[in-house]
Amino acid sequence: MMTEALARQHRIALTGNDAVAYAVKQANVDVISAYPITPQTFVVETLSRYVNDGELNAKFINVESEHSALSAVIGASLAGARAFTATASQGLAYMWEALYAASGLRLPIVMALAARALSAPINIHNDHSDFFGMRDAGWIMFNGEEAQETYDLTIMAFKIAEDPRVLLPVVVSYDGFIVSHAITNFYALNDDVVKEFLGVRTTGPRIDPDNPRTFGVLALQDSYFEFKRQQYEAMENSRQVIKEVFQKYEEISGRSYAPLKEYMTSDAETCIVAMGSTVGTARHAVKTLREAGEKAGVVGILQYRPWPVKEAEQLFSRFKRIIVMEKVMSPGARAGPVYEDIAATIYPKHSEVKIIDFTYGLGGRDISTRGIIEIYKKGKELIDKGKTDRVYFHGVRGE
């Protein structure tokens, strides 16, 4: 990291949840509303302490449900406030109606999601079922691998959401317990640097008593489609904005970000694709595979929505085999959501590339370096035998 960048930040040790809370405090938000749910509870508990102790001049709104929490920040955002909420699992499911309202109203809300399995049966541990459930809700979607990424993405999320070319809500997801509760060292920007980087919110729809306007109107056949088309264009605009914000953030922090994170891919023939904390484990697996003579690489998905179409086609078309690892199940679908996005990106133009999909880690079931090596070997063998017409499962007892 360059010396100038180091001078703008400090080393700190926090859990992933507290790293998010620290970033939100530095973003100088105006309104926070959330309802406690494992494993994100400590995010808003820490923020409530900041507010109570006078470290953050914000309104903390206690509510009776996650639906109310998102509704509260929708109202706050419409009033011109920089607003934040956090949730997980069933809490996100309870927000479902309001997710679409937030994006349809073009509100630059930021949400933290400590990704957790959905019931039934009840499970409090990590997978990505909740995260992928909101993929068509019109939110920009990031997934952090560890505390550093999660902290950085939270700060950048406000900058992206509030850009007048975008004005869409952003979710920053990170793995429940694995990241949310693990204490790690990371670099945090100094308060004044974040303040200068973000500035104050000056854009977006807002309620003005001196200039009355209507929000959340009834739009029937004559106008609904046009509203949704504008929303689509805003998401397309965000592609360029995200690149610009990533570049500006690198200038002040020394840390570079891209929608797709590559490791040992320059000469790889077989690529493992993963998301979240698994990406780090996959790097260790690939390092071991390389020592054994395998031309393996890893691609981590950092930006899921908007799906990075151009970057994905350029990158994934280079490989002979793609082994997708997904912590989510899509019963009745051809494959999981990441597989489908990659396939839609490279087929039929690059039909020579073969893809296979593995579901793993549901409900927090552990994945080790050894497990990823097993997936790699099995996936490579199945692809070479032409057996790629189904989803495979790793780690299920009895299989």
Fill in: Meets criteria (within 19 Å of Glu145 (Cβ to Cβ) and modelled with pLDDT of 95 or more) for Asp18
yes
Discussion item. Here is a check on your reading of the model: is Ile109 farther than 22 Å from Val245 by Cβ and over 11 Å from the mean Cα position of the chain (by Cα)?
Written reply: no
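In segment 44-69, what residues are free of Cβ contacts under 8 Å to residues at least 40 places away in the same chain and of a type in the set (A, V, I, L, M, F, W, C)?
Listed by number, the residues that qualify are Leu47, Val51, Leu56, Ala58, Phe60, Ile61, Val63, Ala69.
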Worksheet item: Just for segment 140-193: of the residues that are crowded, with 22+ Cβ neighbours inside 10 Å and small (Gly, Ala, Ser), which one is nearest to Gly104 (Cα to Cα)?
Response: Ala161
Worksheet, complete the sentence: Selection over segment 191-216 where residues are part of a loop (DSSP other than H, G, I, E, B) and either under 24 Å from the mean Cα position of the chain (by Cα) or of a type in the set (A, V, I, L, M) (or both) yields a count of 6
Worksheet item: Has segment 10-19 got any residue that is crowded, with 21+ Cβ neighbours inside 10 Å and hydrophobic (A, V, I, L, M, F, W, C)?
Response: yes
Fill in: Hey, Ala98 at pLDDT below 95 and assigned by TED's automatic domain parsing to the domain that holds Ser238 or not
no
Discussion item. Could you tell me how many of the residues in segment 252-264 are surrounded by fewer than 20 Cβ atoms within 10 Å (Cβ to Cβ), in contact (Cβ under 8 Å) with a residue 40 or more places away in the chain and either outside any strand (DSSP E or B) or over 19 Å from the mean Cα position of the chain (by Cα) (or both)?
Written reply: 4
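In segment 254-272, which residue that is of a type outside the set (S, T, N, Q) and touching a Phe, Trp or Tyr at 6+ places or on another chain (Cβ under 8 Å) is farthest from Ile342 (Cα to Cα)?
Ranking the candidates gives Arg255 first.
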Worksheet, complete the sentence: Flagged in segment 366-399 as crowded, with 18+ Cβ neighbours inside 10 Å and within 23 Å of the chain's Cα centre (by Cα), in numbering order, are Ile367, Ile372
Worksheet item: Applying the selection to segment 123-181, what residues are farther than 19 Å from Thr85 by Cβ, of a type in the set (A, V, I, L, M, F, W, C) and not in a helix (DSSP H, G or I)?
Response: Ile124, Phe177, Ile178
Practice prompt. Among the numbered conditions (1) touching a Pro at 6+ places or on another chain (Cβ under 7 Å); (2) part of a loop (DSSP other than H, G, I, E, B), tell me where Arg239 comes up short.
Written response: (2)
Response to the item:
Among Ile140, Ile124, Ile61, Ile109, the single one that is touching a Leu at 6+ places or on another chain (Cβ under 7 Å) and outside the structural domain of Leu362 (by TED's automatic domain parsing) is Ile140
Worksheet item: Only one of these conditions is not met by Asp191: (1) of a type in the set (Asp, Glu); (2) touching a residue at least 12 places away in the same chain (Cβ under 8 Å); (3) out of contact with any helix residue (DSSP H, G or I) (no Cβ under 9 Å at 6 or more places or on another chain). Which number is it?
Response: (3)
Worksheet item: Hey, any hits in segment 282-298 for a residue that's under 24 Å from Ile140 (Cα atoms), buried (at least 20 other Cβ atoms within 10 Å of the Cβ) and under 20 Å from the mean Cα position of the chain (by Cα)?
Response: yes
Discussion item. What are the pairs with Cβ atoms under 7 angstrom where one residue, in segment 112-139, is over 24 Å from Leu47 (Cβ atoms) and the other, located anywhere, is basic (Lys, Arg) and not in a loop (DSSP other than H, G, I, E, B)? Sequence gap at least six, or different chains.
Written reply: Arg135/Arg305
Fill in: Residue among Ala268, Ala282 that alone is modelled with pLDDT of 95 or more, outside any helix (DSSP H, G or I) and either over 14 Å from Glu149 (Cβ atoms) or of a type in the set (Phe, Trp, Tyr) (or both)
Ala268
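The values are calculated or read from the model by the stated rules, or taken from the named source; none is laboratory data. No experiment lies behind these values; they were computed from the predicted model shown. Please note: Cβ atoms are built from the backbone with ideal geometry, for glycine as well, and neighbour counts cover all protein chains shown.
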